[in-house]
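Structure, as structure tokens:
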Amino acid sequence: MTHAVIGVIGNQYVIEDRYPVHAVGQMNSEAVSGAAGCMPVMIPADPHFVSVDELLQTCDGFLLTGGRPNVHPEEYGEAETEAHGAFDRARDAIALPLVRACVERGQPVFGVCRGFQEMNVAMGGSLYPEIRDLPGRDNHRMPPDGTLEEQFALRHIVRFTPGGMFHRLLGAPEVLTNTLHGQGIKDVGARVIIDGHAPDGTPEALYIDGAPGFAMGVQWHPEWNAQNDPVSRPLFAAFGDAARAWANGGRRASERLSA
């Protein structure tokens, strides 16, 4: 059986302060393969190497991963400050138009952490540079120390809109999540529906209203232990089902409409 192909957006790193690489965390590949039942393919998110059009023709769906660099504030009309942290303009140049293209075509896209933020910015929204500095907000950042199990441990609940998309998909009004992020949504983008919040009011789950295909994002990290976690597995399973549906018919329908 041929698996649907999921493009997993990579990040840029430098090994030993001298060797530049593109990389994807193994847990992302494990989630796509094991929980979504698809084939992961790492995407070097840089317009020097790939184009959005080529990616749309090559992959059936896209996982927008987390990453240390943040979306550059110029992408939502604000000036860069020290609080905004590190950036990856090459990834911005691929991920943001890719989101918009997927929404228009109905091609599945799933945003995680930075990917969640990319989906909002791609649709015209903005971000706070540091959630923990806002009055009444908690610190959502990853603990600096501990094992991976301790760092990715479940930390707070997310409450969903009653009867909303996430409530229906996960079968629960609230779930326990492993939130790990510094930035968060400020202004909500056009057609972005915030469908889940942390107890301090921080948006944690979204979908794109009227998107003809799977277009969902979460601010936590469902790729961690995805095959065994009762929240993560249904998310990736639904994403995988959507990618297979696209591979088996949605792609051809989109190509006919654009011909």
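The values are calculated or read from the model by the stated rules, or taken from the named source; none is laboratory data. For clarity, every value in this text was computed on a predicted model and none was experimentally measured. Using ideal geometry, Cβ is built from the backbone for each residue, glycine included, and neighbour counts are taken over all protein chains shown. Keep in mind that these areas ignore ligands, DNA and RNA; they rest on the heavy atoms of the full protein, side chains included. Shrake-Rupley method; radii C 1.70, N 1.55, O 1.52, S 1.80 Å.
A compact table of results
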quantity: Neighbourhood charge, 12 Å Cβ-Cβ cut-off, centred on residue 94 and excluding it, Lys, Arg +1 and Asp, Glu -1; calculated: -3
quantity: Qualifying chymotrypsin sites (Phe, Trp or Tyr not before Pro) for segment 1-94 [loop in DSSP, other Cβ within 10 Å: at most 15]; calculated: 49
quantity: Residues with amide H under 5 Å from that of residue 141, placed H, sequence gap 5 or more; calculated: 181
quantity: Square roots of 5 times each gyration tensor eigenvalue, C-alpha, segment 107-214, largest first, Å; calculated: 22, 17, 14
quantity: Segment 9-79 - convex hull of alpha carbons, volume per residue in Å³; calculated: 131 Å³
quantity: Dipole magnitude of the chain about its Cα centre (Cβ charges: Lys, Arg +1; Asp, Glu -1), debye to nearest 20; calculated: 800 debye
quantity: Sorted largest first, extent of segment 103-152 alpha carbons per principal axis (Å); calculated: 42, 29, 13
quantity: Cβ-defined net charge surrounding residue 162, 11 Å radius [Lys, Arg +1; Asp, Glu -1]; calculated: 0
quantity: Column: log10 I(q)/I(0), Debye, Cα scatterers of segment 38-154, q = 0.15, 0.18 Å⁻¹; calculated: -0.76, -1.02
quantity: Convex hull per residue volume in Å³, alpha carbons only, for segment 64-104; calculated: 70 Å³
quantity: Formal net charge of residues neighbouring residue 28 (Cβ-Cβ distance under 13 Å; K, R +1; D, E -1); calculated: -1
quantity: Accessible area (Å², 1.4 Å probe, nearest 10) - residue 75; calculated: 70 Å²
quantity: For the chain: rounded, prolate or oblate by the Cα gyration tensor [a/c cutoff 1.5]; calculated: rounded
